[in-house]
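**Student:** The structure's right below; bear with me while I get my questions together.
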Amino acid sequence: DTDLTSLSEHKRTLFRRQHIGFVFQLFNLIPTLTVLENVLLPLELTGKLKKAHHDHVSKLLSAVRLSDRIDSFPDKLSGGEQQRVAIARAFSNEPKILFADEPTGNLDSKSGEQIMQILVKLNQDEKTIILVTHEQYTAEYAQRIIKLKDGEIVEDSSVQKRRTAGLLK
């Protein structure tokens, strides 16, 4: 119920910080921060970092299977691990919606599959995820696919076929 176009740039920034998470194709991790520090960063930006947030971040890192890498720096992680850190960071402020831009684009197929399984699990936990991809196998995880061509919607469909791994309902 918020008209974002009527907000000042500062208030839009605050809105994004509080309600929206982002996962980028190129990870965008801060190289001088550890895994833990990268995931805590959005919470630090709110100025509300508390002990409880450390527990929350620990659970997120466990969910993306990186509990054992919290003191590692991004250059010591594989591409898949870096993307998992980016996903944990995107969810650290518990956004209502997540935008993921080609989250598997720079990954091998095994790492890409792991990332999609994590996103499906988060979606099942009532997180809204809007994912942009050019890869059909990635799109097949979606509950709804909207195809664009030259900036125009050419198809909008609910996905009936689900992966046999039982990842989607």
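The values are calculated or read from the model by the stated rules, or taken from the named source; none is laboratory data. Treat the numbers as computed from the prediction; the structure is a model and nothing was measured. As a convention, Cβ positions derive from the backbone with ideal geometry for all residues, glycine included, and neighbour counts pool all protein chains shown. Note: accessible area is taken over every heavy atom of the protein model, side chains too, but ligands, DNA and RNA are not part of it. Shrake-Rupley method; radii C 1.70, N 1.55, O 1.52, S 1.80 Å.
**Student:** Please find, within region 144-169, the residue that is modelled with the highest pLDDT out of those that are under 23 Å from Glu113 (Cβ atoms), β-branched (Val, Ile, Thr) and open to solvent by 60 Å² or more (accessible area, probe 1.4 Å).
**Tutor:** Ranking the qualifying residues of region 144-169, first place goes to Ile146.
**Student:** With the requirement that a residue be closer than 16 Å to Ile20 by Cα and open to solvent by 20 Å² or more (accessible area, probe 1.4 Å), what does region 87-121 give you?
**Tutor:** Passing the criteria: Arg89, Asn93, Glu94, Lys96, Ile97, Phe99, Asp101.
**Student:** Separate question: Out of the residues in region 22-63 meeting the condition of being touching a residue at least 24 places away in the same chain (Cβ under 8 Å) and of a type in the set (S, T, N, Q), tell me which one is surrounded by the fewest Cβ atoms within 10 Å (Cβ to Cβ).
**Tutor:** Filtering region 22-63 for residues that are touching a residue at least 24 places away in the same chain (Cβ under 8 Å) and of a type in the set (S, T, N, Q), the one surrounded by the fewest Cβ atoms within 10 Å (Cβ to Cβ) comes out as Thr32.
**Student:** Turning to a different aspect of this structure: Filtering region 1-21 down to residues that are touching a helix residue (DSSP H, G or I) at 6+ places or on another chain (Cβ under 7 Å) and modelled with pLDDT of 85 or more, which residue is surrounded by the most Cβ atoms within 10 Å (Cβ to Cβ)?
**Tutor:** Residue satisfying both the conditions and the ranking: Gly21.
**Student:** So, one more: Which ones in region 64-78 are open to solvent by 30 Å² or more (accessible area, probe 1.4 Å) and in contact (Cβ under 8 Å) with a residue 12 or more places away in the chain?
**Tutor:** If the condition is that a residue be open to solvent by 30 Å² or more (accessible area, probe 1.4 Å) and in contact (Cβ under 8 Å) with a residue 12 or more places away in the chain, then Arg65, Arg69, Ile70, Asp71, Phe73, Asp75, Ser78 are the ones that fit.
**Student:** State whether the residues of region 67-81 include one that is in contact with a Ser or Thr (Cβ under 7 Å, 6 or more places away or on another chain) and under 16 Å from Gly21 (Cβ atoms).
**Tutor:** no
Every residue, every condition in (1) of a type in the set (A, V, I, L, M, F, W, C); (2) in contact with a Leu (Cβ under 8 Å, 6 or more places away or on another chain); (3) in a loop (DSSP other than H, G, I, E, B), yes or no:
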position	(1), (2), (3)
Ser62	no, no, no
Arg65	no, no, yes
Asp68	no, no, no
Ile87	yes, yes, no
Asn93	no, yes, yes
Ile118	yes, no, no
